[in-house]
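Peer 1: I have a structure here, written as structure tokens, and I will follow up with some questions on it.
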Amino acid sequence: MLNDIGMSPSEFDEAMHLPYAAEDFLTLAMLSVGIDPDDFQTLEFARDRFMSRTCIACPHRRRCHDHMEAFDFESHYRDFCPNADNFSKLLGKKCDA
Ligand code: SF4
């Protein structure tokens, strides 16, 4: 599983000490910005860009969590989210379809 997301066991161990380590922010973030996390193209893109890895090791998990709780992630994530460009590309793909 770690190979799939491009993380070494030690990187993963380190990430487990970050805030809200057990939360799947990638799925929540996708839903929040209007991306279907179960769409085949989304899953392929996320895997190719190591989006799960970026989320798991993200230094902004606390801020991310707070915006999720406030339901305003979609209007703030561009200021801090390391996956913001990937979300934009996914949203662009959706518009192309
Ligand atoms: S800020 Fe972005 S990269 Fe970081 S945990 Fe939240 S969704 Fe993932």
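No lab work stands behind these numbers, since they all come straight from the coordinates. Everything numeric here is computed off the predicted structure, so don't read it as measured data. As a convention, Cβ positions derive from the backbone with ideal geometry for all residues, glycine included, and neighbour counts pool all protein chains shown.
Peer 1: Mind listing just one residue for me: the one in the range 10-32 that is in a helix (DSSP H, G or I) and touching a Ser or Thr at 6+ places or on another chain (Cβ under 9 Å) and, of those, nearest to the ligand (Cβ to nearest atom)? Break it down into steps so the answer makes sense when it comes.
Peer 2: Initial filter on the range 10-32 (in a helix (DSSP H, G or I)): 10-15, 25-32.
Next, only the ones that are touching a Ser or Thr at 6+ places or on another chain (Cβ under 9 Å) stay: 26, 30.
Working: Leu26: 6, Met30: 8 Å.
Residue satisfying both the conditions and the ranking: Leu26.
Peer 1: On to the next question. What do you reckon, is Met7 within 9 Å of the ligand (Cβ to nearest atom) and either surrounded by 14 or more Cβ atoms within 10 Å (Cβ to Cβ) or touching a residue at least 60 places away in the same chain (Cβ under 8 Å) (or both)? Spell out the reasoning first.
Peer 2: Details: within 9 Å of the ligand (Cβ to nearest atom): no; either surrounded by 14 or more Cβ atoms within 10 Å (Cβ to Cβ) or touching a residue at least 60 places away in the same chain (Cβ under 8 Å) (or both): yes.
Spelling it out, it is not the case that Met7 is within 9 Å of the ligand (Cβ to nearest atom) and either surrounded by 14 or more Cβ atoms within 10 Å (Cβ to Cβ) or touching a residue at least 60 places away in the same chain (Cβ under 8 Å) (or both).
Peer 1: Looking only at the range 36-63, filter to residues that are within 11 Å of the ligand (Cβ to nearest atom) and over 23 Å from Ser8 (Cβ atoms); which one of those is surrounded by the fewest Cβ atoms within 10 Å (Cβ to Cβ)?
Peer 2: Per the stated criteria, the residue is Arg62.
Peer 1: Scanning the range 64-90 for residues that are surrounded by 13 or more Cβ atoms within 10 Å (Cβ to Cβ) and among the aliphatic types (A, V, I, L, M), which turns out farthest from the ligand (Cβ to nearest atom)?
Peer 2: Here the residue is Leu90.
Peer 1: All but one of (1) surrounded by 13 or more Cβ atoms within 10 Å (Cβ to Cβ); (2) among the aliphatic types (A, V, I, L, M); (3) without any contact (Cβ under 8 Å) to a residue 40 or more places away in the chain hold for Ala22; which doesn't?
Peer 2: It is condition (1) that Ala22 fails.
Peer 1: Right, next: Out of curiosity, is Ala70 of a type in the set (Gly, Ala, Ser) and in contact (Cβ under 8 Å) with a residue 24 or more places away in the chain? I'd like the intermediate steps shown before the answer.
Peer 2: On the way: of a type in the set (Gly, Ala, Ser): yes; in contact (Cβ under 8 Å) with a residue 24 or more places away in the chain: no.
No.
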